[in-house]
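The values are calculated or read from the model by the stated rules, or taken from the named source; none is laboratory data. These numbers were taken from a predicted model, which means no experiment stands behind them. Note: ideal-geometry Cβ built from the backbone for every residue, glycine included; neighbour counts use all protein chains shown. The protein model used for the area step is the full one, side chains on, heavy atoms only, and it has no ligands, DNA or RNA in it. Shrake-Rupley method; radii C 1.70, N 1.55, O 1.52, S 1.80 Å.
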Amino acid sequence: MKTSFITGVTGQDGAYLARLLLEHGHRVIGGVRRSASSGLWRLEELGIASHERLSLVNFDLLDPGGAVRLLAGHRPHEVYNLAAQSFVGASFTEPMLTLQTAGAGTLQLLENIRAIDPAIRFYQASSSEMFGLARTSPQDEDTPFCPRTPYGTAKVYAHWMAVNYRETYGLFACSGILYNHESPLRGREFVTRKITDAVARIRLGKLDCLHLGNLDARRDWGYAPEYVDAMVRMMSADKPGTYVLATGRTASIRDFATMAFRAVEVEIQFRGSGVDEIAVDARTGRTLIRVDPALYRPAEVERLVGNPAHARAQLGWEPVVPLEAICVEMVEADLRRNSAGVSL
Ligand code: GDP
């Protein structure tokens, strides 16, 4: 039986990945930070929190001995490194924590794998934020990085370390450069989930109005369960590699909000511009969205769109779930949770 170790198992991708690996018959060791704020709700919603082949162990990327104890003690066949301070917005206020978890945390795992068992396969969660102010569009594996945020900069470091350990020491180290990927398990600090949760609460009469930042931002949004499937394909391939995972299409924050309200049968219309822009219910005229400049980012990436051709050719991977369907699934989950009085 294969043993897989996932750092960040309590996050969106960690939870879906754990479920997929359990379905594949693996034993899964999930690293959980003792002080993890998110708790186990995602594993519980997926019905795997008490799975007999899932073991949750205390693990903190910032603990220098943690990775050694884990790797030497459990001898996993593969490590999926998904843990990090992953919210781009917070990386501006916590740049050092972001660097330590995303950057140094990755190096430590690679170094310990090299020392303890270089046959352990390694997956690095890289990010489209590494492209930042990309000069070309769409971006692919050959596009130069130009990160715009402390998060993106730390991820560039971790990515190059994974590539270096692959090339210098022959480790089976993969790097998946993932564009935004959403699901009902997305954290509420991310804009899609913030919107679907607010739409549900407005529908249930628990919220008056949704406040958002930059409505012009566009993202290449995919479906998280499909993206973790690509991670597993990378780790099962004959050779380690770097892969862009994206849909190749973008939508704006306005588009996503329109879809989310449509999921509860409300048509919205945007009026005005800049900080005075609002969205109203087309039928009643009620204001449903306002802009709050406090939610603007100090720096923004607006043109990111990925080309997944390499993943399609080498891994047979194809993203198929459309954004409208992802959005409806998220709104339905948030209606269910908010109706039950659960806030996750
Ligand atoms: P990111 O791509 O990892 O930063 O994902 P987010 O979901 O946090 O942000 C996506 C985009 O939505 C960014 O360009 C934000 O500036 C924009 N945005 C607009 N309003 C909001 C908001 O209220 N919260 C968040 N998180 N993002 C917002």
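Listed values, structure above:
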quantity	calculated
Residue list for segment 261-288, filter: in a strand (DSSP E or B) and farther than 30 Å from Gln139 by Cβ	Ile268, Gln269, Arg271, Ile278, Ala279, Val280, Asp281, Thr287, Leu288
Unmet requirement for Glu129, which otherwise passes all of (1) outside any loop (DSSP other than H, G, I, E, B); (2) farther than 14 Å from Gly306 by Cβ	(2)
Conditions (1) touching a Gly at 6+ places or on another chain (Cβ under 9 Å); (2) open to solvent by 40 Å² or more (accessible area, probe 1.4 Å); (3) within 10 Å of the ligand (Cβ to nearest atom): number failed by Asp140	(3)
Scope segment 1-20; condition polar (S, T, N, Q) and farther than 17 Å from Gly187 by Cβ; matching residues	Thr3, Ser4
Failed condition for Ser86, given (1) of a type in the set (Gly, Ala, Ser); (2) assigned to a helix (DSSP H, G or I); (3) in contact (Cβ under 8 Å) with a residue 40 or more places away in the chain	(2)
Tally of residues being under 15 Å from Met161 (Cα atoms) and within 16 Å of the ligand (Cβ to nearest atom) across segment 88-101	1
Qualifying residues in segment 296-329 (those that are open to solvent by 50 Å² or more (accessible area, probe 1.4 Å) and within 13 Å of the ligand (Cβ to nearest atom)) - the one nearest to Glu141 (Cα to Cα)	Arg303
Exclusive hit being out of contact with any strand residue (DSSP E or B) (no Cβ under 8 Å at 6 or more places or on another chain) and within 27 Å of Leu43 (Cα to Cα), set Val191, Val228	Val228
Of all residues making up segment 49-73, the number that are among the charged types (D, E, K, R) and surrounded by 15 or more Cβ atoms within 10 Å (Cβ to Cβ)	3
Lone qualifier among Phe145, Phe122 - being open to solvent by 10 Å² or more (accessible area, probe 1.4 Å) and of a type outside the set (D, E, K, R)	Phe145
Qualifying residue in segment 256-268 (condition: out of contact with any helix residue (DSSP H, G or I) (no Cβ under 6 Å at 6 or more places or on another chain) and surrounded by fewer than 15 Cβ atoms within 10 Å (Cβ to Cβ))	yes
Qualifying positions in segment 157-172 - under 13 Å from Thr101 (Cα atoms) and among the hydrophobic types (A, V, I, L, M, F, W, C)	Ala158
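Residues are listed down the side, and each one gets a yes or a no for (1) open to solvent by less than 40 Å² (accessible area, probe 1.4 Å); (2) out of contact with any strand residue (DSSP E or B) (no Cβ under 9 Å at 6 or more places or on another chain); (3) away from the ligand (no atom under 16 Å from the Cβ):
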residue	(1), (2), (3)
Gly14	yes, no, yes
Leu21	yes, no, yes
Arg42	yes, yes, yes
Gly47	no, yes, yes
Arg75	no, no, yes
Ser86	no, no, no
Gly103	yes, yes, yes
Glu111	no, yes, yes
Arg114	no, yes, yes
